[in-house]
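Here's the structure we're looking at; comments come further down.
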Amino acid sequence: MSILKSLSARVLIALALGLGIGAFLSSSGNVPGWLASTTEAVGSLWLGFLQMTVIPLVFALLVVGVAAVSDAMSAGRLTAKALAWFAALLAAAIVLTFLGVGAALTAMPVDETSARLLVAGATGADAPPPQAIEFGAWLKSLAPSNPVAAAAGNAILPLVIFALFFAFAVTRLPDHQRTLLVQMFDAVADTMIVIVKWVLLAAPLGVFALALTLGLRSGLGSTGALFHYVLLVSLACILTILACYPLAAIFGRAGPLRFARAIAPAQVVAFSTQSSIGTLPVMVECARKNLDVPEHVAGLVLPLAVAVFRLTSPVANLAVVLFICHVSGIEPTPAQLAAAGLVAFAVSISSVGLPGQLSFFVSVAPICLAVGAPLELLPLLLAVEVIPDIFRTVGNVTADLMVTTILNRTDKGVRVIAPETA
């Protein structure tokens, strides 16, 4: 974990150095022609290495994730209720994010000059004008006649739909075939994650090159947009955290103050580790000792929640994409927003519970592809993601304990109504 933390610091330093040096050279008016082209090539090469993992990793994670959910569904009534709560909360979070982030960007838009400089500096050109999408054509595109062509063309929503059909079909196979395929795709996902880790080792160099290019093109004029981004995504996650307290009180009968005191140790660990998986033992302890959750409930719901339920994932990921659309001048159509919501939902239940440096690009890029947002901005946003990622993890841990509290109450209710008899 310390390696990842030091990587975050190095990437942030690389961003600051690249922007500073680029802005200084740009203001001096003495920028060698080869420098801009070389740094742009290096940054684009690093971005390409990251991008090449997106399609195979998303497909593999969806297959493994659906298999895990299918296994969980057969594990009993409590598990089924947990999955129902997960799905309902994720769907509500997606709808509220569209409304809330859209309203926030309308009320407090990014400075137009800063936004234009950020996009032009990252992509080398102004954002293309949005293209009108005919609903009938979009609807027909959801069933890819050639999934390989859809993957090659970055048609992410048709590919996700095919992956979901494929994954559910795998769950209907005989056990030996199903196990073989799930293990294969699990290995593919693990392999892609290894590649992402390798590519991220060069993140300071890649981000420095991209930031230097941005500085050469736009000076420091784009920093205001980056600060706006950090504030927007962090605030979206903080509001998600705050929403968990009244939900725990209403549906779990745990008062906000009691709930806050009970989960504080887990939130502290989540803040320091930025890993839901790393916080799991503390979550189980807090649930059992501070919230009086029986071991059989905590031991079932919390590992399942860490595996497939990340409430802040669609919130933060959609906030990132809506920010990119905002600064790029892209106005997604209702069909594109629906596609973004579906992809965000699928990614949130299949992405691994690792620190944001490993999952940020893989989680956000598919949603960008769904709405036609430029991917070139993602590495620069990754460099400042260290702050929002803290609130992402704290939000996920808070939501996991909130759902566990709710399910504990309903589980008690079921057992009171139908007590065991000798």
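Any read-out appearing in this document is the output of simple, stated calculations on the displayed coordinates, not a laboratory observation. The shown structure was predicted, so the numbers you read here are calculated from the model rather than taken from an experiment. Counting neighbours? That spans all protein chains shown, and the Cβs are built from the backbone with ideal geometry, glycine included.
Size estimate for the stretch 2-416 follows the Kirkwood approach: the inverse of mean 1/r over distinct Cα pairs works out to 22.1 Å.
Note on the stretch 2-416: with charges restricted to the Cβ of Lys and Arg (+1) and Asp and Glu (-1), its dipole about the Cα centre is near 1020 debye. With R₀ set to 45 Å, the beta-carbon distance separating LEU257 from LEU17 gives a calculated FRET efficiency near 0.50. Residue exposure proxy: TRP198, TRP46, ordered by other Cβ atoms within 10 angstrom of their Cβ from fewest to most, comes out as TRP198, TRP46. Counting neighbouring beta carbons within 10 Å and listing from fewest to most, the residues VAL384, VAL343, VAL188 come out as VAL188, VAL384, VAL343.
Inter-label distance, LEU99 to PHE166: 3.6 nm, where each label sits 7 Å from its Cα along the C-beta direction. For the stretch 2-416, the relative contact order is 31 percent, taking Cα pairs closer than 8 Å that sit 6 or more residues apart in sequence and dividing their mean separation by the residue count.
Cβ-to-Cβ counts within 10 Å put THR279, THR179 in ascending order as THR179, THR279, the fewest first.
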